[in-house]
Amino acid sequence: MDYTPYPRHDVLCIDMRSFYASVECMKRGLDPQKALLAVVGDPNRSGSIVLAASPALKKKHGISNVSRYFELPQDSNLVIANAHMGDYLNISLEITKLMTRFVPKEAIHIYSVDELWLTVDGLRRLYGSVEEIAQRVQASIREQFGIESVIGIGDNKFLAKVVMDIHAKKAPNGISECRYEHVSDSLWPISVEKVWGIGSRMKHHLNRMGIVTLGDLAQCSKAHLKKRFGVIGEQLYWHAWGIDLSPVTGNFTKTEQKGYGHGVTLLRDYTKDEINACLLDLCEEACRRARRDEKEGRTIHLAIGYSSEHGKGFSRSTSMDTATNDTWEMYQVCLQLFEQFYKEGSHIRKASVTLTNLTDEVGTQLSLFEQRDRQKQLDYAVDQVRERFGSTAILRASSYTSGGIAIDRGKKIGGHYE
């Protein structure tokens, strides 16, 4: 591969080690590298997921971030911490602010609450080599927050991310570098499922084609991969050679909204009679966000997941002649879809609603039979109250029934209690 035509940058991919667990350790005055601490979503439920485990807990007892609360060892030194998403988001924001000491905000791309990319082009004269820059970034995070980090260095985001995932986490200093010329030696021997962007289903398809490692993928015909997987196949080919043309600077917070959705995995089985209140709360949140952005949608999607003994559930949608962001209108359509496709007697464990096929909100379609303009004014007034005083400042009566979810979700951030 002739890499001459492809851009070369100095990109860092930074991952905070055991971020949630490290934050909880620092709050308690514990050493994040030595303490045995597990962050649990809800300690009152034995099946609750372990959201994060400290490095020492992972090493000593083999606990991972997919373990369950009941699987934790009976160790007298073990500390159980409730998840506090508000704290994690605040620390993540402060770490991002810290990064602006090194680069402008246009060179920062936040990937998740504990992971981000930095483009450090042009900093060599100030700080030395790219590895020295990475060491400075590591030291600044450690000194200000007491949190360890690992960093991958590459010519683009893909290389920085993959070398961070594969090699930096095992490196003594937590830093690893992969340039175009290192791809064949550093990345080709690894299994495809370890590569960022390749999930279990894609792994299955690639393995059936005889593609086991990234090197196998690189040697496969680009035309054959594109024919088999479409645009994704072509992207897989270029990634196997370490090529990624994603922009490394810009406004990464601005994205095109394709739809407004809201979903929930219920903590218990819901009956047919209880789900109505849940659906109304979900429609309320989806439409509130649409109204905030002055958008309306013509297509409404409803997805229902049954308990395991009743099958998978269903996902259906329908389109309307007139776009809407009215909660009650969306709710009525969802009820119609539910009545049409619901299997009698099934218990419900998941529900989600989505408003798509968006257009700008330009006015209100008047009706001889409904006061839609007054209803819209009421919706916006309620939205303003909730924006100022919180999402539970005003609720529908149905939210207080056994099927309502708004009160409980109003206490959470990212699905977990603050």
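Give me the one-decimal Kirkwood hydrodynamic radius in Å for segment 105-151, with the sum taken over alpha-carbon pairs.
Over segment 105-151, the inverse of the mean reciprocal pair distance is 11.6 Å.
In whole Hz, what ³J(HN,Hα) sequence does segment 168-173 give by Karplus (6.51, -1.76, 1.60; θ = phi - 60°), x for Gly and Pro?
Rounded to whole hertz, the list is 5, 5, 9, 6, x, 9.
To the nearest 0.05, what FRET efficiency results for Tyr111 and Thr359 with a Förster distance of 30 Å applied to their C-beta separation?
0.45
Where is the GNM fluctuation largest for the chain (alpha-carbon springs, 10 angstrom cutoff): Glu143, Glu344, Glu274?
Top of the fluctuation ranking is Glu344.
Taking the chain as the region of interest, what is the percent of Cα-Cα pairs per 20 angstrom bin, listed from the shortest bin to the one with the maximum distance?
The calculated distribution, bin by bin, is 21, 48, 30, 1.
Could you tell me the relative contact order of the chain? Use alpha-carbon pairs under 8 Å, at least six residues apart, and round to a whole percent.
It rounds to 14 percent for the chain.
Which loop trypsin sites (Lys or Arg not before Pro) in segment 59-126, with loop taken from DSSP, have no more than 16 other Cβ atoms within 10 angstrom of their Cβ?
Arg101
Using alpha carbons only, how many angstrom separate the centre of segment 31-65 from the centre of segment 2-17?
Centre-to-centre (Cα) distance: 32 Å.
Please go through the residue pairs Lys226/Lys295; Lys58/Lys312; Lys27/Lys60; Lys27/Lys97; Lys105/Lys161; Lys59/Lys105 and name each one whose alpha carbons sit more than 28 Å apart in this structure.
Checking Cα-Cα distances, Lys226/Lys295; Lys58/Lys312; Lys59/Lys105 exceed 28 Å.
Apply the Karplus parameterisation 6.51 cos²θ - 1.76 cosθ + 1.60, with θ equal to phi minus 60°, to every residue of segment 259-271 and state each ³J(HN,Hα) to the nearest whole Hz, in sequence, with x for glycine and proline.
Ordered by residue, 3J(HN,Hα) equals x, 10, x, 8, x, 8, 9, 6, 7, 8, 6, 9, 8 Hz.
Remind me, what semi-axes does segment 212-284 give for its equivalent ellipsoid, largest first in whole Å, using sqrt of 5 times each Cα gyration tensor eigenvalue?
Ellipsoid semi-axes (Å, largest first): 42, 20, 11.
Please report how far the C-alpha centroid of segment 107-135 lies from that of segment 198-243, rounded to the nearest whole angstrom.
So the two Cα centres are separated by 29 Å.
Applying a 10 Å radius around every beta-carbon, put 326-332, 107-113, 305-311, 10-16 in order of their mean neighbour count, most first.
With the highest mean Cβ count within 10 Å placed first, the list reads 10-16, 326-332, 107-113, 305-311.
Take every Cα pair under 8 Å in segment 1-52 that's 6+ residues apart, average their separations, divide by the length, and report that relative contact order as a whole percent.
Value for segment 1-52: 27 percent.
Take Met320 and Arg228, extend 7 Å from each Cα along the Cα→Cβ direction, and tell me the distance between the two endpoints in nm.
4.5
Bear in mind these aren't lab numbers, they're just calculated from the coordinates by the rules spelled out. As the structure is a computational prediction, the values presented were derived from the model and not from experiment. Because the Cβ atoms are built from the backbone with ideal geometry, glycine has one as well, and the counts that use them run over all protein chains shown.
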